[in-house]
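In what follows, a single structure is set out as structure tokens and then discussed.
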Amino acid sequence: MPNGAWSLGEWPLPMVRVACAKCGRARQYHTHQLIQEHGADMVMPELRHVLAQCPRRRTFSDPCMIVFTDRVER
């Protein structure tokens, strides 16, 4: 867990689910496919923005609101 963030390889669920309250977008992805595409070392905060493909993902005044919908505890 580098810098307190989970990596994709550490994700304990078979699916990664994301949703955005701003645009209403919601998707789910198979964890093993994401690992194949992005690598097990991809940290989850960065993956969130990669999956969003939102033009606001780096805008501080009107940011993307995409979040992981599953609550996972260590």
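Laboratory data are not the source of any read-out in this text; all were calculated from the coordinates shown. These numbers were taken from a predicted model, which means no experiment stands behind them. In this analysis, Cβ positions are derived from the backbone assuming ideal geometry, glycine residues included, and neighbour counts consider all displayed protein chains.
A DSSP coil position with no more than 14 other Cβ atoms inside 10 Å describes the following trypsin sites (Lys or Arg not before Pro) in segment 5-38: Lys22. In the chain, helical runs assigned H by DSSP with n ≥ 4 each contribute -39500 (n - 2.57); averaged across all residues and rounded to the nearest 500, the mean residue ellipticity at 222 nm is -6500 deg cm²/dmol. Given [x] 1.05; [y] 1.13; [z] 0.96, which label gives Rg/Rh (Cα atoms, Kirkwood Rh) as computed from the coordinates? Label of the calculated value: [z].
Relative contact order of the chain, taken over Cα pairs closer than 8 Å and 6 or more residues apart, is 37 percent.
The slack between Thr69 and Arg17, meaning 0.36 nm per residue of separation minus the straight C-alpha distance, is 18.2 nm.
Starting from 0.36 nm per residue, how many nanometres of slack lie between Ser61 and Arg25 once their C-alpha separation is accounted for? If you can, show how the numbers build up before the last one.
On the way: separation 36, 0.36 × 36 = 12.96 nm, distance 2.00 nm.
Contour length minus the Cα-Cα distance gives 11.0 nm.
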